[in-house]
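Working notes, beginning with the structure itself.
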Amino acid sequence: MAGCACKSPEPKTIPYDEIAKIIQKYKGDSSAIIPILQDTQDLLGYIPKESISFMAKQLEVPPAKIYGIVTFYAQFRLNPIGKYNIMVCEGTACHVNGAKQIGNAITDDLGIGGGETTEDGLFTFEKVACVGCCSLSPVVVIEGETYPGLTPDKIRKVLKQYKDKEAQKQN
């Protein structure tokens, strides 16, 4: 897509010492991979691919086992996300009531597609299966706030509010 700002933000230096502390919290028990991954993601905001080999060595399991868990469960991310995570519900009710048009408006406005983050690191756009608000469809959730009954124009206004908020912080 022309002009696509679809790079993920640059990853931070990986704090292997902090990850080691998390692993020690679970006494290095390989049956605790999921809580270890959850704590690591809580710390960093995502699971850096480079950290998987480190964890595997510490837990004495193959890296493929950890990678398989990270890629199987939707809760885990392998890339940093933006400051504002935009989740567009694509469940049946939202789909029928215009979720695709909402997603297209987000793509047009921010220049990113599903699974992408703006170059400035402010927005990540995710398509999700369902957020459990079917009677309010179509729905978008941004940082825990639910925006019901959206139209393309309404989502553009919501995005403008977030952009304006960030612009005010810059001044």
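The values are calculated or read from the model by the stated rules, or taken from the named source; none is laboratory data. All values derive from a computational prediction rather than experimental measurement. Cβ coordinates were reconstructed from backbone atoms using ideal geometry, including for glycine residues, and neighbour counts include every protein chain displayed.
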With the requirement that a residue be without any contact (Cβ under 8 Å) to a residue 60 or more places away in the chain, more than 17 Å from Glu145 (Cβ to Cβ) and within 15 Å of the chain's Cα centre (by Cα), what does the range 76-126 give you? Phe76, Arg77, Leu78, Gly114, Gly115
Yes/no for Tyr73 being more than 20 Å from Gln24 (Cβ to Cβ) and surrounded by fewer than 18 Cβ atoms within 10 Å (Cβ to Cβ): yes
Of all residues in the range 127-152 being surrounded by fewer than 13 Cβ atoms within 10 Å (Cβ to Cβ) and free of Cβ contacts under 8 Å to residues at least 12 places away in the same chain, which is nearest to Cys94 (Cα to Cα)? Gly132
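Here's the yes/no breakdown for (1) of a type in the set (Phe, Trp, Tyr); (2) at pLDDT 95 or above:
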{"position": "Pro63", "(1), (2)": "no, yes"}
{"position": "Tyr67", "(1), (2)": "yes, yes"}
{"position": "Asn79", "(1), (2)": "no, no"}
{"position": "Ala93", "(1), (2)": "no, yes"}
{"position": "Ala99", "(1), (2)": "no, yes"}
So Ile23, is it surrounded by 13 or more Cβ atoms within 10 Å (Cβ to Cβ), outside the structural domain of Thr118 (by TED's automatic domain parsing) and closer than 23 Å to Gly115 by Cα: no
Restricting attention to the range 110-129, the residues that are among the hydroxyl-bearing types (Ser, Thr, Tyr) and under 12 Å from Val140 (Cβ atoms) number exactly 0
Sole exception among (1) more than 21 Å from Gln38 (Cβ to Cβ); (2) within 18 Å of the chain's Cα centre (by Cα); (3) among the basic types (Lys, Arg) for Lys160, by number: (2)
Those residues of the range 108-121 that are surrounded by fewer than 18 Cβ atoms within 10 Å (Cβ to Cβ) and not small (Gly, Ala, Ser) come to a total of 4
